[in-house]
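Here's the structure, in structure tokens; my notes come after.
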Amino acid sequence: MKYTLATAPLTLRFSLLPGHYYSIVAPMPLPEPQLLAWDAELAEHLGLDPDPAAHPRLAELLVGNLLRHERPLASVYSGHQFGQWAGQLGDGRAILVAELTDVNGEVQEIQLKGAGLTPYSRMGDGRAVLRSSIREYLCSAAMAGLGIPTTRALSLVGSPEPVWRETRETAAVVARVAPTFLRFGHFEHFYHRGEPEALKALADWTIEHFYPDCAATASPYLALFEAVRDRTAGMIADWMAVGFCHGVMNSDNMSMLGLTLDYGPFSFLDGFDAGHICNHSDQHGRYAFNQQPQIGLWNLACLAQTLVKLVELDALRAALDQYQTVFEAAYAERLRRKFGLAEWRETDWPLFTRLLELMQAAGTDWTIFWRTLSTPARHATLRDQFVDRDAFDAWFTDYTARLAADPQTPAERATAMLSTNPRLVLRNHLAEVAIRKASDGDNSEIDRLQRALARPFDDDAEFDDLAGPAPDWAAALSVSCSS
Ligand code: AMP
Ligand code: MG
């Protein structure tokens, strides 16, 4: 017999930290909770019975109306928002309700996002609306399917409870899952509050549970910073490779584990636009697509600042200075795979930048281009994706010449490229269709998208309709921070 959410043993970990890291707070009940989506594969990974029917009163557990944990909590953090120090923020609508041990023996925290007011809600209502919760649920699945580090989403529960944003919407709760939701902002909080002991204890706890290798080094806190730097660079390189724009890279949304965290106004590129801004509240394009690598550095500088009493300053500076090199190596590795090369050479950069210029001029669809490039039988159609076709032909001749110097066979290369250049990403309009249907009481598209996005590299005919370019109406979609 497998555990259900109601019977699974809880493993207390974050909730055993001293009280200055959080406040104990119970979720606020929501009426008529209805389970709209459930990730059975993730449930199985968590050691739970994957069949939702096996869980008594599952929707009530997942919306927070029933509680397992004696110490449900909201954690406190601070952070920089849009380049400004914002002071104390904290889990304003997310409550940690369970800590489970998964089938690999790793502890996983479950947070209910949208579970009601906490001491950190400030002016907010503690709720999340159905529209943004569907987006978070689906994008968590999409990123996991793409192999990009991310928080996960176990379930989506809706309620008829009205929630006011620009208009009247309804409430929903996503149960999100991660080994920890620690952010750069947790470290910033104790640094800026002038509580070096709490900060050091948090760093020790982070090393003990997530970066144990750092403990054995000459300078554990420096090693911790370097490890977070490397994971952050790798995550952003992953984003750039699939055309993902996060939209709100505030330091409080940066995971200490290098996980994609806090899905809000994110988007995947349709037509390539280097300066694409997906968050319509971001007037100056601070978080535009091509700014993300630099913003990663900016946020790492915020984190480094918190460690100045624990790490020698010159060493910390040098570690920060290496970010650019680490990011470029990570990005080159993704591009090597995207282009189907066995090794990346310095001279491959201009080949890439020339391609970007052509794509920018034509607004070439990012996902479709790379998928077509991965499929030799379709190469003749590539030039149709460009405005200056002669220039593209010249580029393609150079790319073909580069492949001639590559040791892989065409078949090996195609296989490798098809497993790195996805056919499916969560385009805005796909999420929008699922949202519109769900608002009319039909959840089937959420489930179908989740199944499709879990296997984005497959050529499954069932999902052919999801692989095309964005329709014209998608250009009018806009997403903001109001979620
Ligand atoms: P975000 O922009 O989603 O990263 O949120 C920034 C801060 O605002 C975090 O402290 C959130 O917990 C908080 N917050 C966002 N929306 C709400 C809400 N509806 N109610 C309470 N707090 C919120
Ligand atoms: Mg946030």
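Could you list, in sequence order, the residues of the stretch 155-214 that are part of a strand (DSSP E or B) and within 14 Å of ligand 1 (Cβ to nearest atom)?
E161, P162, V163, W164, E169, T170, A171, A172, V173, V174, R176, R183
From the residues in the stretch 354-397 that are among the aromatic types (F, W, Y) and in contact with a Leu (Cβ under 8 Å, 6 or more places away or on another chain), which one is nearest to A274 (Cα to Cα)?
Across the stretch 354-397, the extreme among qualifying residues is W366.
Looking at (1) crowded, with 16+ Cβ neighbours inside 10 Å; (2) modelled with pLDDT of 95 or more; (3) not in a helix (DSSP H, G or I), which is the only condition V308 fails?
For V308, the exception is condition (1).
One line per residue, one yes/no per condition, for (1) within 15 Å of ligand 2 (Cβ to nearest atom); (2) surrounded by fewer than 21 Cβ atoms within 10 Å (Cβ to Cβ); (3) without any contact (Cβ under 8 Å) to a residue 12 or more places away in the chain:
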site	(1), (2), (3)
N253	yes, no, no
Y263	yes, no, no
A274	no, yes, no
G285	no, yes, yes
A304	no, no, no
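Could you check G243 against (1) surrounded by fewer than 24 Cβ atoms within 10 Å (Cβ to Cβ); (2) farther than 30 Å from Q385 by Cβ and say which number it fails?
(2)
Which of the residues belonging to the stretch 108-138 are more than 12 Å from ligand 1 (Cβ to nearest atom) and under 19 Å from L5 (Cβ atoms)?
Q108, E109, I110, L112, Y137
Of all residues in the stretch 444-456, which are in contact (Cβ under 8 Å) with a residue 24 or more places away in the chain and either within 16 Å of ligand 2 (Cβ to nearest atom) or surrounded by fewer than 18 Cβ atoms within 10 Å (Cβ to Cβ) (or both)?
D447, A454, R455 - these are the residues of the stretch 444-456 that are in contact (Cβ under 8 Å) with a residue 24 or more places away in the chain and either within 16 Å of ligand 2 (Cβ to nearest atom) or surrounded by fewer than 18 Cβ atoms within 10 Å (Cβ to Cβ) (or both).
It is to be established whether one or more residues within the stretch 288-301 are of a type outside the set (D, E, K, R), more than 16 Å from ligand 2 (Cβ to nearest atom), outside any helix (DSSP H, G or I) and within 26 Å of L222 (Cα to Cα).
no
Mind counting the residues in the stretch 248-306 that are more than 14 Å from ligand 1 (Cβ to nearest atom) and polar (S, T, N, Q)?
The total comes to 8.
For E166, which of the numbered conditions (1) loosely packed, with under 15 Cβ neighbours inside 10 Å; (2) in contact with a helix residue (DSSP H, G or I) (Cβ under 7 Å, 6 or more places away or on another chain); (3) in the same structural domain as V63 (by TED's automatic domain parsing) fails to hold?
The one condition E166 does not meet is (2).
Residues G79, G90: which one is within 16 Å of ligand 2 (Cβ to nearest atom) and part of a loop (DSSP other than H, G, I, E, B)?
When all the criteria are applied, what remains is G90.
Out of everything in the stretch 39-59 that is touching a residue at least 24 places away in the same chain (Cβ under 8 Å) and over 16 Å from A8 (Cβ atoms), what residue ends up being farthest from the chain's Cα centre (by Cα)?
Ranking the qualifying residues of the stretch 39-59, first place goes to A59.
Being closer than 30 Å to L42 by Cβ and not assigned by TED's automatic domain parsing to the domain that holds S140 is true for just one of R389, R423. Which residue is that?
R423
Kindly establish whether Y77 is in contact (Cβ under 8 Å) with a residue 12 or more places away in the chain, over 23 Å from the mean Cα position of the chain (by Cα), in the same structural domain as R135 (by TED's automatic domain parsing) and crowded, with 23+ Cβ neighbours inside 10 Å.
Judged against the criteria, Y77 is not a match.
Answer yes if at least one residue in the stretch 209-219 is over 26 Å from E106 (Cβ atoms) and of a type outside the set (A, V, I, L, M), and no otherwise.
yes
The values are calculated or read from the model by the stated rules, or taken from the named source; none is laboratory data. Given the structure is predicted, the values throughout are model-derived calculations rather than measurements. Glycine also receives a Cβ, built like all others from the backbone with ideal geometry; neighbour counts cover every protein chain displayed.
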